[in-house]
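Undergrad: Can you keep this structure in mind? I'll have questions shortly.
What follows draws every value from the coordinates through simple rules; no lab data is involved. Note that the coordinates shown come from a computational prediction; the quantities given were computed from them, not determined experimentally. With ideal geometry, Cβ positions are generated from the backbone for all residues, glycine too; neighbour counts draw on all protein chains shown.
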Amino acid sequence: MFSLDQFVADLRTTLGERSRQAMKEVVARAVSDPSSVVAALGAPDRPGVKVLHKAPDLTVISLAWSPMQVTLPHDHRMRAVIGMYGGREDNTFWRRMPDGARFPIEPAGGEALGTGDVTLLGADIVHSVINPLGKISAAIHVYDGPFLTAKRSMWDPETLHEEPYDVNVVARGTPLLQG
Ligand SMILES: [Fe+2]
């Protein structure tokens, strides 16, 4: 059975080992049994961010995407592991372009994630996310830093210019839930 306390303890062990691959494996183990995650965290029945653990070196959130939700491109400036425990998430990865290019960033690949899938994102990754389903999709996101207060960037959807990150703009309709 999934236990949040044990999960955080296992993640902390991987921080000590300085292995992000090990961190990915801890998340993979958790979402390999999605119903056990739902039993512990509750069914993701409304969109929002639930903070499960918050520390300067480790942030764990549960993110429930609205049906058909689209985020702006954004960065994290710390490594991230995403593990899906419900629905789907399509990631687009963006690369920075040289001065003078049509846009400052452009798409450079992507990754489709489904329930039980896990991905590890490097600290300099710029990505945007789509929930392609007409229902809520849910994921555990783990960051090896102070994700909720970190200074970082988002990119305007029309000009693709880099701007200071504003959670209210990046993920419209994704309120911070209690708990
Ligand atoms: Fe992200």
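Undergrad: Applying the Karplus parametrisation 6.51 cos²θ - 1.76 cosθ + 1.60 with θ = phi - 60° to the phi angles of region 128-144, what ³J(HN,Hα) value in whole Hz is obtained for each residue in order, glycine and proline being reported as x?
TA: Rounded to whole hertz, the list is 10, 10, 10, 8, x, 9, x, 9, 5, 10, 9, 9, 8, 10, 10, 10, 8.
Undergrad: Please work out the FRET efficiency for the pair Glu158 and Ala22, using the Cβ-Cβ distance as r and a Förster radius of 45 Å; give the result to the nearest 0.05.
TA: 0.65
Undergrad: Would you pull out the residues with amide H under 5 Å of Tyr165's amide H, same chain only if 5 or more places away, H placed 1.01 Å from N?
TA: Residues meeting the amide H criterion: Arg152, Ser153, Met154.
Undergrad: Next question. With 10 angstrom as the radius, rank Met68, Met78, Met154 by how many other C-beta atoms surround their C-beta, starting from the fewest.
TA: Listed from fewest to most nearby Cβ atoms, that is Met68, Met78, Met154.
Undergrad: Students often check this: by mean Cβ neighbours within 10 Å, which of 134-145, 54-65, 8-19 ranks highest, and how do the rest follow?
TA: Packing proxy ranking, top to bottom: 134-145, 54-65, 8-19.
Undergrad: Could you list Tyr165, Tyr85 so that the one with the fewest beta carbons within 10 Å of its beta carbon is first and the one with the most is last?
TA: Tyr165, Tyr85
Undergrad: Provide the per-residue ³J(HN,Hα) series for region 26-40, in order, calculated from phi with Karplus coefficients 6.51, -1.76, 1.60 and θ = phi - 60°, each as a whole number of Hz, with x at glycine and proline positions.
TA: 5, 5, 4, 4, 5, 7, 5, 10, x, 5, 5, 5, 4, 4, 7
Undergrad: Something else: Hey, how many Å between the Cα centroid of region 124-164 and the Cα centroid of region 27-48?
TA: 20
Undergrad: For a test of the definition: using alpha carbon positions, the gyration tensor, and the 1.5 limit on a/c, classify the chain as rounded, prolate or oblate.
TA: It is prolate, given that a/c is not under 1.5 and a/b is the larger ratio.
Undergrad: Using amide H atoms built in the peptide plane, which far-off residues or other-chain residues are under 5 Å from Gly86 H to H?
TA: Answer set, sorted by chain and number: Gly116, Ala138.
Undergrad: Report the net charge of residues surrounding Glu106, where surrounding means a beta-carbon distance below 10 angstrom and charges are Lys +1, Arg +1, Asp -1, Glu -1.
TA: +3
Undergrad: Once R0 is set to 25 Å, what does the formula 1/(1 + (r/R0)^6) return for the Cβ-Cβ distance between Ala55 and Asp166, expressed as a FRET efficiency to the nearest 0.05?
TA: Given R0 = 25 Å and the Cβ-Cβ separation, E is 0.60.
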